[in-house]
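The values are calculated or read from the model by the stated rules, or taken from the named source; none is laboratory data. All of these numbers come straight from a predicted model, not from anything done at the bench. Glycine also receives a Cβ, built like all others from the backbone with ideal geometry; neighbour counts cover every protein chain displayed.
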Amino acid sequence: MINFKLGKTHLQGGIKEMVSFTFDKEKNHLFAYDGKAEIGYISFSQAKDVWIIEEVYLDAEYNIKIFILQIIDKFVDIARENKKKIIALDSLAKSVFSKNTKYIDVIS
């Protein structure tokens, strides 16, 4: 399990504390926390050198348009570090990947 912390984030809807991410490779999840409260996750499966995003969950209390980019960016960073490609089955993740060329190197 790997933990990551980001500085304070000012979002409409309001993340109140430091956003942190915990990557659990055994459970195939990237969890996002606002303080101690879980505010979202990405669940994925693995097939050789590919991570398949099956579900992205984000708490509706937060500004999803901004927060989705943070959690996807963190997931992509971890995929790059592990030399993995990504397939997005989740519609929200698909939408983000289709609109951002910065992810082109990891899309399978």
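Details
- Members of the stretch 31-48 found to be within 18 Å of D73 (Cβ to Cβ) and out of contact with any Leu (no Cβ under 6 Å at 6 or more places or on another chain), listed by number: F31, A32, Y33, D34, I39, Y41, S43, F44
- Residues located in the stretch 96-107, provided they are surrounded by 13 or more Cβ atoms within 10 Å (Cβ to Cβ) and farther than 19 Å from V19 by Cβ: F97, N100, Y103, V106, I107
- Looking only at residues of the stretch 20-47 that are in a strand (DSSP E or B) and of a type in the set (D, E), we find that the one that is nearest to I87 (Cα to Cα) is D24.
- Residue that is nearest to K27 (Cα to Cα) [pool: residues in the stretch 48-101 that are in contact with a Gly (Cβ under 7 Å, 6 or more places away or on another chain) and not in a helix (DSSP H, G or I)]: Y57
- Of the residues making up the stretch 45-62, those that are touching a residue at least 40 places away in the same chain (Cβ under 8 Å) and surrounded by 16 or more Cβ atoms within 10 Å (Cβ to Cβ) are I53, Y62.
- Selection of first residues in the stretch 86-108 that are at pLDDT below 95 and of second residues that are among the aromatic types (F, W, Y) and in a helix (DSSP H, G or I), restricted to Cβ pairs under 7 Å at least 6 apart or on distinct chains, gives the following pairs, ordered by first then second residue: I107/F97.
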